[in-house]
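Before any comments, here is the structure.
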Amino acid sequence: MSGTLNKVMLIGHLGDEVKMHYFEGGGCIGRFPLATNETYTSKQTNERVTNTEWHNIVVRNKAAEVCEKYLSKGDKVYIEGRIKTRKWQDDTGNDRYSTEIQCTDFTFLTTKGESGSSPSSQPQQQHTQSTQPRQEPITPKPEVDMPEDDLPF
């Protein structure tokens, strides 16, 4: 093993429709923004604070076509991939950087009835590019009295 790991797991909501780009050789990529939220209670004001982080998701080829077909703005999705930073030059020649999540696996978490789109004959409940994440059996956890304001999430 090389001793390093570049792995990202996100659950969030699409901020826009999947934008597709097709290449001459037949390949394609899809891009979409994904929003994840962190909510906590501020100790100073005792108010709930929500911070939203935006992630640029890139998905390739057949997986991109599946995402374009079944995902819509607002849908909840599980994304697994790796972080990639690209360097490019803008119109004025300045170096610019873009950090993206190169998606290697995904699972749709919004069912057809929740998305608000019109029903079709094709199922949408779960589609994955490769394997789905492990599903652990749900067991009830004992209740523990912990003050909410000490939790950062």
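A short reminder: the numbers here are calculations on the coordinates, not readings from a lab. Every value quoted in this text rests on a predicted model; they were computed, and no experiment measured them. Positions of Cβ are generated from backbone atoms using ideal geometry, with glycine treated the same way; all protein chains shown enter the neighbour counts.
Whole-Hz Karplus values for region 89-97 come out as 10, 7, 4, 8, x, 7, 6, 10, 10 Hz, taken residue by residue from phi with 6.51 cos²θ - 1.76 cosθ + 1.60 and θ = phi - 60°; glycine and proline positions read x. Multiplying the residue separation of Met20 and Thr36 by 0.36 nm and subtracting their alpha-carbon distance yields 3.5 nm.
Evaluate the distance, in nm, between pseudo-label points positioned 7 Å from the Cα of Gln89 and of Thr52 along their respective Cα→Cβ axes. Result for the modelled spin labels: 3.5 nm. Legend: distances between Cα atoms for Lys43/Lys76; Lys7/Lys112; Lys7/Lys84; pairs beyond 19 Å are Lys43/Lys76; Lys7/Lys112. From most to least packed by mean Cβ count within 10 Å, the peptides 45-56, 87-98, 69-80 give 69-80, 45-56, 87-98. Scanning residues 5 or more positions from Thr104 or on other chains, those with amide H under 5 Å from its amide H are Glu80, Gly81, Arg82, with H placed 1.01 Å from N in the peptide plane.
Relative to the current alpha-carbon distance between Thr99 and Ser2, full extension at 0.36 nm per residue lengthens the span by 32.6 nm. From the largest down, region 25-73 spans 57, 18, 11 angstrom on the principal axes of its Cα atoms.
Orientation-averaged projection of region 1-110 equals 11.2 nm² [convex hull of Cα atoms, one quarter of hull surface area].
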